[in-house]
């Protein structure tokens, strides 16, 4: 008994000694860096998850083709990446198990969450509990971020309350000058679009210029908007903002065209962010002249690391030709951009310790410029860098639309054209 | 005669005890705690479903409604009443109990009507809880965060305790006069009532027991996972999994649902981790084959040969 | 707004009559619940999308093709699955599980082959611009789908009440055992009913991109729940009941969207529970089942 205790004591002492000793000798470099990721090949979140996953795989292949990531922590040696990815099929129960699997069984060095808030949500407490840093790709839920949890950072999607402020700024500023006085807001009742709608309503009420005359939520699986559009038309608003998921926006834009109603300003989220998919599904004429966010997939930021948007897009189309079922769009950019953040993190981190990873990620804040714009984190890990200008889908030649950034003036590359 | 019945009861209890012991020890051996927790969750849910389906023949497809009610019962108690976790668990059970009483009239329906109506009820409850108009109460679609009471070890052992109680309940039902009379109602309600068995009382008791079990599991799930959305708490696949596990093993028995969970959920996790790309297809095909070739469950391989299965 | 919602609801509801019609037939004849009904509908939509993108076929042409192919495909599926299922002790319950498994397989195969993103057909195929009825603007596609639905209801009605096979089908609906005893080829009758049901779902699927904007491999579950509400509110086994059920669903959904939009999804569920508890035989039904 006593000898055992003694042995333990010696072990503990040497452990402390090792921890205290400055890293004189380079620690042995691992043969590979394992990255764990979840994706959803089926179910409601597949269409936002698969582009992220495919794009991230592109980054892994690109990196491994060069021999891996060059890590300062291991004497600038190139270390290859091993990706362990599981399919949660859009089920949160399965996702929870798999997050745990990646942490406790596969002992991954880095952990990436699945897309969207719902599938990310279960990973947040698990990662925190196991003191594993979570690379949150696009889970914007407000409940995820708190100052006492250092184990999370949001990569791409800025928190939903930040996104929409250019819409209200534009309408209250240039829109007001053009005679826009009233706005209707129709949103899908889920975390992502609900918070944007509430934020917008707050902005309009604060600024007291454009008046909200219609503010209604509809269930997220609403697939017909004919009566809703008729009801909105009865209020005769100058501007209509519809905030929904891809399926909602498709149905809304189609029904709007079918109804023949005209509004001076129509906004949808995905008309711009998933431009290709919306155009394919509703036709060019239904989406022409509507407004949307200008995501990185339609805006040429000057990246300081990785491919430009044009190069990335070409690489994407080579690897995933159209018809492969996974569309190019903002989510593809998010996936690739997550890879770039990880690359810089690995290059600069002091070790693979999770707090060191945290420090390395946060050290990038405000300094990293990718094809997705500037990467900037709030203290609690929420993303605040990526600004999404307001854009308009303006006709460009026959049967083609160009997403032109129209607001704010310093980011604009065109002028908004309001309907009569 | 009497002693053989006692012996059966002891065997049943021994099986139940060893399952609980195994799941308790497993936590020290295997570190994917959530997977073990999910096992406990489905072991309990499929036995809870066994109480209503195995003993009365009613199959509530919307069983997840009680689970969700429990999860939100727990969450609301923590958020608004600031109760400690164990007290909030009582609210979880109560929420499911109240829901089961409200839904008592559904027991007038039979067969598929009952199954579908219960599913509609679960959906309706989800629509209410996830509605943004109730944001101040339930947080609506924005999800709840209970990180203040987060305690993975305590919640794991509480889940284990709920499993233990549920298994003992099933053991009791299988070996008691009350359980026998329930089975008599299932097989022929007219004769049973003529034999002096209170059909309504029997069904009501089984229904509320089964609901409270699901509510408690929902509550402990909320505690263990601590951050969740209404979509998580009312995920229809919870019902479907519990049902499939129950039917695969064989209803009315104690070991049937246990085998169902250990084998099918085990396979599910293995497929999910080993061959994720054909996951959904493989699982679907497995279910189809199961219903076609083993409609009375795994235990029917033995019972059809006249062997008693615990 | 009130009149607009009612008119829109009638047309929209007619589409859901078409959606529920096949489900009703299968439940009436075989006492099984086809939880894969919504997925068959999705396959119809995928077929229309594939035929248009590869061959440029107009969806109304595709509808005819889908009708024939799905009808014929239903026969082997029936014989492979249903007779064996009906031999089990609790086939009504087990059918829920079995067809859930089938729906998972269909969803998986579709996702693997075309991906999980939204697919649709150009709106112009059904004509762009509204038809204005009593001051309410309705999409042209709603008229086509309502017409298809009306034709389908009449055809099913005609089949059940004016053809020999239909008479036998009704005999099976009343009692499978008695029909068997009187020497009716119950399996053949049921197989045809199963095929018709798939064909109806398939046609509804062809219209789905126009009614719901787009289709995705995982749309089936939501469709099923609505379809259940529609057929239960109407009456099982009676196509006219499904007509009524569809219209009630459509009108009340549009009224909800107008006056209480965020609660609109609560409606089909409450409708279903309410009707089951108050009048389990459906609005048009005589007392035909024990409940």
> What are the residues in the stretch C:139-182 that are in contact with a helix residue (DSSP H, G or I) (Cβ under 6 Å, 6 or more places away or on another chain) and within 14 Å of chain A (Cβ to nearest Cβ), if any?
Replying inline: C:139, C:140, C:141, C:142, C:144, C:145, C:146
>> Filter the stretch B:107-126 down to the residues that are facing another protein chain (nearest Cβ under 9 Å), surrounded by fewer than 22 Cβ atoms within 10 Å (Cβ to Cβ) and modelled with pLDDT of 90 or more and list them by number.
In response: B:124
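Could you go through the stretch C:85-107 and let me know if any residue there is crowded, with 17+ Cβ neighbours inside 10 Å, part of a loop (DSSP other than H, G, I, E, B) and more than 11 Å from chain A (Cβ to nearest Cβ). Walk me through it before giving the result.
Step one: filter the stretch C:85-107 for residues crowded, with 17+ Cβ neighbours inside 10 Å, giving C:85-86, C:88, C:91-107.
Of the ones still in play, those that are also part of a loop (DSSP other than H, G, I, E, B) are C:88.
Checking the rest, the ones that are also more than 11 Å from chain A (Cβ to nearest Cβ) come to C:88.
The answer is yes, given that some residue of the stretch C:85-107 is crowded, with 17+ Cβ neighbours inside 10 Å, part of a loop (DSSP other than H, G, I, E, B) and more than 11 Å from chain A (Cβ to nearest Cβ).
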> So which pairs qualify, if the first residue must be in the stretch A:221-236 and at the interface with another protein chain (Cβ under 7 Å from one of its Cβ atoms), the second must be outside any helix (DSSP H, G or I) and surrounded by 24 or more Cβ atoms within 10 Å (Cβ to Cβ), the Cβ gap must be under 6 Å, and the two must be at least 6 apart or on different chains?
Replying inline: A:223/C:213
> Of everything in the stretch A:22-53 that's in contact with a helix residue (DSSP H, G or I) (Cβ under 7 Å, 6 or more places away or on another chain), part of a helix (DSSP H, G or I) and modelled with pLDDT of 90 or more, which residue is nearest to residue A:116 (Cα to Cα)?
Replying inline: A:52
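Restricted to the stretch B:26-52, and to residues that are more than 16 Å from residue B:221 (Cβ to Cβ) and under 14 Å from the mean Cα position of the chain (by Cα), which residue is surrounded by the most Cβ atoms within 10 Å (Cβ to Cβ)? Quick ask: steps written out before the conclusion?
If we filter the stretch B:26-52 for residues that are more than 16 Å from residue B:221 (Cβ to Cβ), which is where we start, we get B:26-32, B:50-52.
Now drop any that are not under 14 Å from the mean Cα position of the chain (by Cα), which leaves B:50-52.
Numbers: B:50: 30, B:51: 25, B:52: 27.
My answer is B:50.
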> Looking at the stretch C:183-192, is at least one residue touching a helix residue (DSSP H, G or I) at 6+ places or on another chain (Cβ under 8 Å), assigned to a helix (DSSP H, G or I) and within 27 Å of residue C:146 (Cβ to Cβ)?
Replying inline: yes
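Within the stretch A:261-268, is even one residue over 23 Å from residue A:199 (Cβ atoms), more than 8 Å from chain C (Cβ to nearest Cβ) and buried (at least 23 other Cβ atoms within 10 Å of the Cβ)?
Scanning the stretch A:261-268 turns up no residue that is over 23 Å from residue A:199 (Cβ atoms), more than 8 Å from chain C (Cβ to nearest Cβ) and buried (at least 23 other Cβ atoms within 10 Å of the Cβ).
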> Quick check: is even one residue across the stretch B:68-78 out of contact with any helix residue (DSSP H, G or I) (no Cβ under 6 Å at 6 or more places or on another chain) and within 14 Å of chain A (Cβ to nearest Cβ)?
Replying inline: no
> Taking residue C:51 and the conditions (1) modelled with pLDDT of 95 or more; (2) at positive phi, which numbered condition does it fall short on, given that it satisfies the others?
Replying inline: (2)
>> Suppose we filter the stretch C:213-262 for residues that are in a helix (DSSP H, G or I), free of Cβ contacts under 8 Å to residues at least 24 places away in the same chain and either surrounded by fewer than 24 Cβ atoms within 10 Å (Cβ to Cβ) or more than 14 Å from chain A (Cβ to nearest Cβ) (or both); how many remain?
In response: 3
>> Looking only at the stretch B:237-271, how many residues end up being more than 13 Å from chain C (Cβ to nearest Cβ) and at pLDDT below 90?
In response: 3
>> Can you pull out every residue in the stretch A:82-99 that is buried (at least 23 other Cβ atoms within 10 Å of the Cβ), in contact (Cβ under 8 Å) with a residue 24 or more places away in the chain and in contact with a strand residue (DSSP E or B) (Cβ under 9 Å, 6 or more places away or on another chain)?
In response: A:86, A:87, A:88, A:92, A:95, A:98, A:99
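Can you say whether residue A:257 is part of a strand (DSSP E or B), within 10 Å of another protein chain (Cβ to nearest Cβ) and either surrounded by fewer than 24 Cβ atoms within 10 Å (Cβ to Cβ) or modelled with pLDDT of 90 or more (or both), as far as the supplied structure shows? So that I can check it myself, show each step before the final result.
Numbers: part of a strand (DSSP E or B): no; within 10 Å of another protein chain (Cβ to nearest Cβ): yes; either surrounded by fewer than 24 Cβ atoms within 10 Å (Cβ to Cβ) or modelled with pLDDT of 90 or more (or both): yes.
Answer is no for this residue.
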> Could you count how many residues in the stretch A:205-232 are crowded, with 20+ Cβ neighbours inside 10 Å and in a helix (DSSP H, G or I)?
Replying inline: 7
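The values are calculated or read from the model by the stated rules, or taken from the named source; none is laboratory data. This structure is a prediction, so every number in the text was calculated from the model and none was measured. Reconstructed Cβ throughout: ideal geometry from the backbone, glycine too, with neighbour counts over all protein chains shown.
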